[in-house]
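Accompanying notes for the structure given below.
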Amino acid sequence: MAHTLDLESIVEAISGKNVGMGVDEKALISTLGNSHKDHRKLFRKASKSFFEEDEERAFEKCHDQFVKHLKLEFSRFNNAVVMWSMHPWERDARVVKKALKKGDECYSLIVEVACTRSSEDLLGARKAYHSLFDQSMEEDIASNIHGARRKLLVGLVSAYRYEGNKVKDDSAKSDAKILAEAVASPGEKAIENDEVVRILSTRSKLHLQHLYKHYNQIKGSDLLGGVSESSILNDALLCLLKPSVYFSKILNASLNKDADKGTKKWLTRVFVTRADHSDELKEIAEEYNQRYGETLAQNIQEKTRGNYRDFLLTLLSKSN
Amino acid sequence: MATLKVSSHVPSPSEDAEQLKSAFDGWGTNEDLIISILAHRSAEQRKLIRQAYHEASGEDLLKTLDKELTSDFERAILLWTLEPGERDALLANEATKRWTSSNQVLMEVACTRTSTQLLHARQAYHARYKKSIEEDVAHHTTGDFRKLLVSLVSSYRYEGDEVNMTLAKQEAKLIHEKIKDKNYSDEDVIRILSTRSKAQINATFNRYQDEHGEEILKTLEEGDEDDKFLGLLRSTIQCLTRPELYFVDVLRSAINKTGTDEGALTRIVTTRAEIDLKVIGEEYQRRNSIPLEKAITKDTRGDYEKMLVALLGEDDA
């Protein structure tokens, strides 16, 4: 069993200060991978040369140089380490920014962040966005995306959903009827429909669960079975209603031997962003198991290597 | 600047709560006492008084006020005693329930608060009404109004001073083109007004004025007077750039009873007393040649008048 390192050693290891002395990478992985998010917060606060306190918005921001430095040195493992040590809000803000820059094919990432995070975490990501990029998330999205998808994406990231347990079932039922009609439209027509945007970007997740039940009854088919021609609509529905199914699908795609470099990175993102939420990674692993007949751990063992693999497996076992 | 006057030596919250309790005891209510206390405490102090009152008497201060007071005065005290976030949530909820195309309260709350204040309103809305503000706004409004209002209440604007002048130029041009074609509810217009920071929006409209020799608000005045959406759009721009002018306009209609915005006087005095009522008052006098306080005392009576005057910082307490 690898021994654990103290904060100072971690900071030194990551800064590359101990060049030539070697980094006890197993210990690094073990310590970081098993660390509680509060422990990482202490790490960020202690590492003043790498992280800067944004007092107004209550999180510790990564210095650009640090990010660049690590990326040069460590490739996939370190990308995971960088992401892991960042504050979740900053992580999500950077994911959205990157998705915007990459364009079209990456918009599902925006949907993912907007729909699978809690209201507070999505808000936090928007705060971090202010801090990092001197503009609001919604203005960046609104000015860089045109056409049918803009309305829905801006709506989704602007949501601050009610998270309590009160719901009006008949309201959900009438929304279900509206969705049932709209969803069958060709191409992206469904997301140009203002009612669809309203329902998906303002309703609470509990309300949407009730809507889901009604839809399936009305139509006799599964709303989450890819009912629309609009992939972004299907993604949004899946993320809002069954995030663990969505994530297990993403993981499967990224572990596929024919996956391209971009898709392979999804593995890191899902693990790092979900591992902080105690039961989520566990749920995702179970869903994966059910869906694909193999255990996630086994697949990772086979398809990845070295420190990267160890890090992922550590995150996975932490959730059990 | 705020008009609220709080003395440097303030009794403890439990002493205040005791006093308030005595104001309700016996026959009738001692409104003067209520005003002398509540109208001279900050939001934080009022919060503590509410807590102390609840601990001492087992009842929510607001419930007692509701029982004991009547109409305009009660409304003023109610709005004043609520925490700003809760207050905005209440105003927004009322506005959705009785929404008509002339109702501008939703826009007012969304555009004249800071990003943090609007956020608090959204949080208070969850707690009080068990749904999100955007759900209710979306559900109760229609068409172009819905598009604009949902976007405005969902905004979480960047609050820094950084401005991109190239962008300001581009967007000023874009807006000019859309307005020329009377395309007031165009998606880009709504996008700019509901996502850009206030600094950026100001820069954009300054640019607009430089390019076209006329303020955007003046250009929009030439549109159809009965076009309610156009009216809302103009008020939106005004709230984002010169809120005090918006408030002066609304106050004037309220005081002269020429508008349909009932309760505007109470709403504006209670929501701005701790923010910029002083500036609004100065602007009011400049435009109407009569001090705001005088206009209010001419138009109101009794305890209601006393409360408003106290919030204006003009009483002798």
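Within the bounds of region A:210-217, is there any residue that is within 14 Å of chain B (Cβ to nearest Cβ) and surrounded by 23 or more Cβ atoms within 10 Å (Cβ to Cβ)?
Of the residues in region A:210-217, the ones within 14 Å of chain B (Cβ to nearest Cβ) are A:210-211.
Subset that is surrounded by 23 or more Cβ atoms within 10 Å (Cβ to Cβ): A:211.
Yes: region A:210-217 contains one or more residues that are within 14 Å of chain B (Cβ to nearest Cβ) and surrounded by 23 or more Cβ atoms within 10 Å (Cβ to Cβ).
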Yes or no: B:ASP136 of a type outside the set (Lys, Arg) and crowded, with 17+ Cβ neighbours inside 10 Å? yes
Can you tell me which of (1) closer than 30 Å to A:LYS177 by Cα; (2) among the polar types (S, T, N, Q); (3) more than 18 Å from the chain's Cα centre (by Cα) is the one A:ASN289 doesn't meet? (1)
Out of all the residues in region B:258-286, which are free of Cβ contacts under 8 Å to residues at least 60 places away in the same chain, closer than 24 Å to B:ASN103 by Cβ and surrounded by fewer than 21 Cβ atoms within 10 Å (Cβ to Cβ)? B:THR258, B:GLY259, B:GLU262, B:ALA264, B:GLU283
Odd one out for B:GLN45, checked against (1) closer than 17 Å to B:MET307 by Cβ; (2) touching a residue at least 24 places away in the same chain (Cβ under 8 Å); (3) in contact with a Leu (Cβ under 8 Å, 6 or more places away or on another chain); (4) not acidic (Asp, Glu): (3)
How about region B:183-203: which of its residues are more than 12 Å from chain A (Cβ to nearest Cβ) and assigned to a helix (DSSP H, G or I)? B:ASN202, B:ALA203
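Does B:VAL248 count as over 24 Å from B:THR81 (Cβ atoms), within 15 Å of the chain's Cα centre (by Cα), part of a helix (DSSP H, G or I) and not small (Gly, Ala, Ser)? First the steps, then the outcome.
Details: over 24 Å from B:THR81 (Cβ atoms): yes; within 15 Å of the chain's Cα centre (by Cα): yes; part of a helix (DSSP H, G or I): yes; not small (Gly, Ala, Ser): yes.
For B:VAL248, the condition - over 24 Å from B:THR81 (Cβ atoms), within 15 Å of the chain's Cα centre (by Cα), part of a helix (DSSP H, G or I) and not small (Gly, Ala, Ser) - is met.
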Just wondering, is there one or more residues in region A:126-133 that are under 18 Å from B:GLU134 (Cα atoms) and at pLDDT 95 or above? yes
Output yes when any residue across region B:219-234 is assigned to a loop (DSSP other than H, G, I, E, B), surrounded by 16 or more Cβ atoms within 10 Å (Cβ to Cβ) and of a type in the set (Gly, Ala, Ser), and no when none is. yes
With among the acidic types (Asp, Glu), at pLDDT 85 or above and in contact with a strand residue (DSSP E or B) (Cβ under 9 Å, 6 or more places away or on another chain) as the only criterion, which of A:GLU112, A:GLU139, A:GLU52, A:GLU120 stands out? A:GLU52
Just checking, which of A:TYR292, A:TYR288 is surrounded by fewer than 16 Cβ atoms within 10 Å (Cβ to Cβ) and among the hydroxyl-bearing types (Ser, Thr, Tyr)? A:TYR292
Could you grab the pairs with beta carbons closer than 6 Å, sequence gap of 6+ or different chains, first residue in region A:114-133 and over 22 Å from A:GLU163 (Cα atoms), second one of a type in the set (Gly, Ala, Ser)? A:TYR129/A:ALA93; A:LEU132/A:ALA93
Lone qualifier among B:ALA52, B:ALA43 - being touching a helix residue (DSSP H, G or I) at 6+ places or on another chain (Cβ under 8 Å), at pLDDT 90 or above and within 26 Å of B:GLU282 (Cα to Cα): B:ALA43
Search region A:232-260 for residues being in contact with a Lys or Arg (Cβ under 7 Å, 6 or more places away or on another chain) and buried (at least 21 other Cβ atoms within 10 Å of the Cβ), and hand back the single one that is farthest from A:LYS213 (Cα to Cα). A:LEU255
Restricting attention to region A:72-90, does a residue exist that is out of contact with any His (no Cβ under 7 Å at 6 or more places or on another chain), farther than 25 Å from A:GLU283 by Cα and of a type in the set (S, T, N, Q)? yes
Inspect all residues belonging to region B:89-108 and state whether any of them is out of contact with any Leu (no Cβ under 9 Å at 6 or more places or on another chain) and either buried (at least 22 other Cβ atoms within 10 Å of the Cβ) or acidic (Asp, Glu) (or both). yes
Checked against (1) among the small types (Gly, Ala, Ser); (2) modelled with pLDDT of 90 or more; (3) over 30 Å from A:ALA182 (Cβ atoms), A:SER248 satisfies every condition except (3)
Of all residues in region B:91-139, how many are within 13 Å of the chain's Cα centre (by Cα), under 30 Å from B:ASP226 (Cβ atoms) and of a type in the set (Gly, Ala, Ser)? 3
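Of the residues that make up region B:171-189, is at least one under 21 Å from the mean Cα position of the chain (by Cα) and crowded, with 18+ Cβ neighbours inside 10 Å?
Let us first name the residues in region B:171-189 that are under 21 Å from the mean Cα position of the chain (by Cα), namely none.
Looking for residues that are under 21 Å from the mean Cα position of the chain (by Cα) and crowded, with 18+ Cβ neighbours inside 10 Å, one finds none in region B:171-189, hence no.
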Restricting attention to helices (runs of 4 or more DSSP H) lying wholly within region A:87-186, give those where 1 or more residues are more than 25 Å from A:GLU52 (Cβ to Cβ), within 12 Å of chain B (Cβ to nearest Cβ) and among the acidic types (Asp, Glu). A:169-183
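Is it the case that B:LYS63 is at pLDDT 90 or above and more than 15 Å from the chain's Cα centre (by Cα)?
Details: at pLDDT 90 or above: no; more than 15 Å from the chain's Cα centre (by Cα): yes.
Considered against the rule, which asks whether it is at pLDDT 90 or above and more than 15 Å from the chain's Cα centre (by Cα), B:LYS63 comes out as no.
The values are calculated or read from the model by the stated rules, or taken from the named source; none is laboratory data. As the structure is a prediction and not an experimental result, all values here were calculated from the model. Cβ coordinates were reconstructed from backbone atoms using ideal geometry, including for glycine residues, and neighbour counts include every protein chain displayed.
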